[in-house]
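The values are calculated or read from the model by the stated rules, or taken from the named source; none is laboratory data. Worth saying up front: this structure is predicted, and the values here are computed from it rather than measured. FYI the Cβ positions are ideal-geometry reconstructions off the backbone, even for glycines, and counts take in every protein chain you see.
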Amino acid sequence: MGVVACKFGGSSAADGLQVRKIRAIVEYNPDRRYIVVSAPGKRFDGDNKITDMLYLLRSHAEHNAPYEQLLQVIKERFLGLEADLGVSVGIAGEFDIIEGNLREGAGADYLASRGEYLSAKIIAAFLGYDFVDSAGLVLFNDKGKFLSEETNEALGAALRGHERAVIPGFYGTLPDGSIKTFTRGGSDITGSLVARAVGADVYENWTDVSGFLMADPRIIENPKAISRISYKELRELSYMGASVLHENAIYPARLAGIPINIRNTNAPEDPGTIISADDTATDGGVITGIAGNRDFTVIGIYKNMMSNEIGFIKRILSIMEDYDIPIEHIPSGIDTVSVVIADKFLEDKLGDIVEDLEKKTGAESIEIFENMSLIATVGVGMTAVPGVAAKLFSALYEAGVNIRMIDQGSSEMNIIVGVETKDFETAIRAIYAAFVA
Ligand code: ASP
């Protein structure tokens, strides 16, 4: 018998109807033995996610605002799920404990984690699987840093004792036993940890889309699905904003060489996307996907004979470090270098940065280009294939898009272009039409 680790996200655990779909999926393949679940998500547009309500509950309590009604709404959702699925896991009693802890000042992580905890209890009972709590198995150090190897050992040892188990996602514990969560969307990470710990053949991540699309469907109508993508390509695309999976979810599975299969709970017959450990695996096409991000600022720095000056770039980088600003790209010319920064990190620091750059680098001119966007065209299929850049640039030229910056990593797996934000969507459509449509 094989071993498949599955993670079902919030939309898959939203209500009784969805949880019944989980059961059908799990029963369809008996290898699906280890199931990680999220807290119930939205049941319909405008509905609330349990996790959001739990965070809200905590801030009400913290500010001494009345929280009883909110707690009741959350409780009723779980009571409703318990009744609908015909299981009895003592939800009412669990809420007495939660309320007691809330009154005693329980932290945000503890409260937020209760969504996954209760969801896993109910789903375990409904599937007839064992419930295995992640508390004490997913481990963090006293500074809140995740402990990868210790977790792998603890999870592996615990799960070996259960042929079939449901495990709550999103949280673990600090050395003192208190609850610590990952960042939002962190059940994806737990799924990957479980897959590694049990040596799964595949990590199935069940969500509400049938895998990754080659481009953002808000920009490209009906973009093609990606059937196979390498970890590296995914990293490039996710970095640029294509998000289906928490970015830290890739590492544990990758370490163990376990492929990740993104699947759709609402369309289980769709094969979804396989994220493969084989970095050379492709879909057969030259490009695998296009992703982009708006809201960048480029600082262009010019100094005559810059190219002969040792330490020039170092000085620029240390100024950025002083302002605590991560840099996206540093395209350079002979006597020019540009620094590309995401606006969200720049806040109102730009004026001071420019002043420092002038003072500390002796730059002759500094130009600021605001409202820039970056677009990454990614694909291992383009490695060593001549003409890819030519095709991309002509497509942009024909669409009337002015390219303000070009960057290609030495892996030749991506070409990043900087364009003005007003051209962002036109550029993505032009690239998609040239390579895919
Ligand atoms: N429930 C948590 C969140 O909404 C974690 C997760 O679903 O992955 O972020």
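Tabulated results
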quantity	calculated
Residue selected from the stretch 60-80 under the condition more than 14 Å from residue 99 (Cα to Cα) and in contact with a Phe, Trp or Tyr (Cβ under 9 Å, 6 or more places away or on another chain), by the criterion nearest to the ligand (Cβ to nearest atom)	78
Residue within the stretch 370-378 that is free of Cβ contacts under 8 Å to residues at least 12 places away in the same chain and either among the hydrophobic types (A, V, I, L, M, F, W, C) or not in a loop (DSSP other than H, G, I, E, B) (or both) present	no
Among the candidates 35, 25, residue that is aliphatic (A, V, I, L, M), outside any helix (DSSP H, G or I) and either touching a residue at least 40 places away in the same chain (Cβ under 8 Å) or more than 14 Å from the ligand (Cβ to nearest atom) (or both)	35
Breaking point among (1) assigned to a loop (DSSP other than H, G, I, E, B); (2) buried (at least 16 other Cβ atoms within 10 Å of the Cβ); (3) more than 16 Å from the ligand (Cβ to nearest atom); (4) not polar (S, T, N, Q), for residue 185	(3)
Residue within the stretch 353-362 that is of a type outside the set (A, V, I, L, M, F, W, C), touching a strand residue (DSSP E or B) at 6+ places or on another chain (Cβ under 8 Å), closer than 21 Å to residue 427 by Cα and part of a helix (DSSP H, G or I) present	no
Per-region count, the stretch 245-275, residues of a type in the set (Ser, Thr, Tyr) and either out of contact with any strand residue (DSSP E or B) (no Cβ under 8 Å at 6 or more places or on another chain) or under 16 Å from residue 197 (Cα atoms) (or both)	1
Of all residues in the stretch 167-182 being assigned to a strand (DSSP E or B) and within 10 Å of the ligand (Cβ to nearest atom), the one that is farthest from residue 137 (Cα to Cα)	181
Checking residue 217 against (1) under 22 Å from residue 375 (Cβ atoms); (2) over 16 Å from the mean Cα position of the chain (by Cα); (3) touching a residue at least 40 places away in the same chain (Cβ under 8 Å), the condition it does not meet	(3)
Residue 262 away from the ligand (no atom under 16 Å from the Cβ), at pLDDT 85 or above and either of a type outside the set (D, E, K, R) or under 13 Å from the mean Cα position of the chain (by Cα) (or both)	no
Some residue of the stretch 114-123 being more than 16 Å from the ligand (Cβ to nearest atom) and touching a residue at least 40 places away in the same chain (Cβ under 8 Å)	no
